[in-house]
Amino acid sequence: MGALTEQQRQVFGDIAVGLDEGHPPEVLLRLTELGLIQGHQPDGGPARWGVPVHLHIQWAQWCSEQVAEDA
């Protein structure tokens, strides 16, 4: 994720842990264009955002490695 801005990385991380509300539309659009997040609208309610499973797994592995390095 080196090509992302700090704000884009932060929003991606927030969405990866379920904090998918209140993000700037332009950041959501860019992350969607890059295929890093997906939008869905359950039961016709407000739009929700999530990370595709294969990317979420990679992200979780990266997080685990960061924690191991800090230990």
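We did not get these values from a lab; they are worked out from the coordinates using the rules stated. Being a predicted model, the structure only gives us computed values, none of them experimental. In this analysis, Cβ positions are derived from the backbone assuming ideal geometry, glycine residues included, and neighbour counts consider all displayed protein chains.
Between the Cα long axis of helix 6-16 and the first principal axis of the chain there is an angle of about 80°, rounded to the nearest 10. Counting neighbouring Cβ atoms within 10 Å and putting the fewest first, the residues T32, T5 line up as T5, T32.
Dividing the helix sum by the residues of the chain, where each DSSP H run of 4 or more adds -39500 (n - 2.57), gives a mean residue ellipticity at 222 nm of -17000 deg cm²/dmol.
Measuring spread by the Cα atoms of the chain yields a radius of gyration and Dmax of 12.9, 44 Å. A quarter of the convex hull surface defined by the alpha-carbon atoms of the range 1-40 gives 2.7 nm² as the mean projection.
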